[in-house]
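Notes to accompany the following structure.
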Amino acid sequence: MNDSDYQFETLAVTHGERQRPAEGVEDVAVPVHLASTFAVPEIDPDASLESLDPDAGEYLYSRLSNPTRNALEHRIAALCGGDHALAFASGTAAIVTAISAAVQPGDHIVAFDDLYGGTKSMLSDLFEDRLNVSVSLVDARDTDTVAAAMREETSLVWMETPTNPLLRLCDIEAIAAIADEYGATFGVDNTFVGPHFQRPLELGADVVVHSTTKYLNGHSDSIGGALATNDEAYAEEMTFLQRVGMGNMLAPFDAYLTLRGLKTLPLRMEKHASNAQAVAEFLADHPAVEAVHYPGLESHPQHDLASRQMSGYGGVLSIELDTDLDGVARFVAALEHFPLAVSLGGVESLIEHPASMTHSPLSQEERDMLGITDSLLRLSVGVEHEADLLSDLSDALDVI
Ligand SMILES: *Cc1c(COP(=O)(O)O)cnc(C)c1O
């Protein structure tokens, strides 16, 4: 029976829709595959959820796997140098999954004391307070402090490099060796610089996570996260947590946006980095600027480490102005090309005031300990023309 012989109501629901794209159709861009469920050819008594092979076109339900998400996961695995990747509804979801799969109650975690604020709260308010996992936060710029914090029950080492907002680094290769010695899983949140410039798996990390919200998607229009690993058993555990334990995955439309964003990741990163370098050098020479934190500056105390483990220095830097909070506010208000907003890694430049925004949940004492002063500002340098960014900053500095 020809489809068009069906009743109007039936046609309205199903006509023109195919379970598989037409024979011979090869999309150059992966379509947004929104279907929540997929028709299977027949009842197969031998089928199981584990035996589904998305790469062979076997889909059952989009929480488990989805063609658009699957395409993104393959691309992220390849870019990170991993065999497996999973895409989540946020960077936070990728992080909680990677950590949950590596620790049990009674275990111990060693982490950088300069972690992303949300991850720090997750470690203390979820893993420590509710799940009986102890956490030691250390200044991982000094690899010896990481080694000294390790215990027999340490099952996870969790690092970020460079950190937010002070662009501190840790030595991925050296810390991987320490984690190995204790049989601990080593995870790196690589959000601040992304896989174009730094690939932690190749330096010995067991898992790398990115908030795709930032550079990977790169256009400030999607929240997402992804992880990649080469460890088969760990990947299975994280897949279980993603699909069944937590039910947390990137939606097809966001997977599509991120696939699209990734096409220009290398181009964008090169431009972010060259603009950030120019901005950092300009500000470092300006009398109204007390300090510039950017790993691409020779004055950065870990510039040599940065040059060794990164192939570019990224697009984020922070500055301390030689003025009070009122002066900082006047500077920010005078900027044309740097809207005051959290987040980073989009094509447009942004400026952020950590003390009152990203790091406001911390106590004054904690901020003092980390070096987050009222005059500190974080810049996410976009891909606009360098000259426009420099003259904007110069004009705004004249105001103070
Ligand atoms: C933004 C960010 C996260 C959290 O990612 P979401 O996508 O906002 O959940 C984690 N780590 C770092 C370093 C980040 O910058």
Which listed residue is surrounded by fewer than 19 Cβ atoms within 10 Å (Cβ to Cβ) and within 16 Å of the ligand (Cβ to nearest atom), from D142, D113, D129: D113
Conditions (1) out of contact with any helix residue (DSSP H, G or I) (no Cβ under 6 Å at 6 or more places or on another chain); (2) under 21 Å from S349 (Cβ atoms): number failed by L317: (1)
Count - residues of region 87-99 that are touching a Leu at 6+ places or on another chain (Cβ under 7 Å) and either closer than 20 Å to A140 by Cβ or more than 15 Å from the ligand (Cβ to nearest atom) (or both): 2
Residue in region 217-226 that is touching a strand residue (DSSP E or B) at 6+ places or on another chain (Cβ under 6 Å), closer than 28 Å to L156 by Cα and in a loop (DSSP other than H, G, I, E, B) present: no
Qualifying residue in region 87-101 (condition: at pLDDT 90 or above and open to solvent by 50 Å² or more (accessible area, probe 1.4 Å)): yes
Residue list for region 27-53, restricted to those being within 20 Å of Y256 (Cα to Cα) and either within 25 Å of the chain's Cα centre (by Cα) or open to solvent by 80 Å² or more (accessible area, probe 1.4 Å) (or both): D27, V28, A29, V30, P31, V32, H33, L34, T37
Matching option when the condition is out of contact with any strand residue (DSSP E or B) (no Cβ under 9 Å at 6 or more places or on another chain) and of a type in the set (G, A, S), among A140, A147, A184: A147
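The values are calculated or read from the model by the stated rules, or taken from the named source; none is laboratory data. Bear in mind that the values here come from a model prediction, so they are computed numbers and not experimental data. Backbone-built Cβ (ideal geometry, glycine too); neighbour counts: all protein chains shown. We work out accessible area using only protein heavy atoms, side chains counted, and drop any ligands, DNA or RNA first. Shrake-Rupley method; radii C 1.70, N 1.55, O 1.52, S 1.80 Å.
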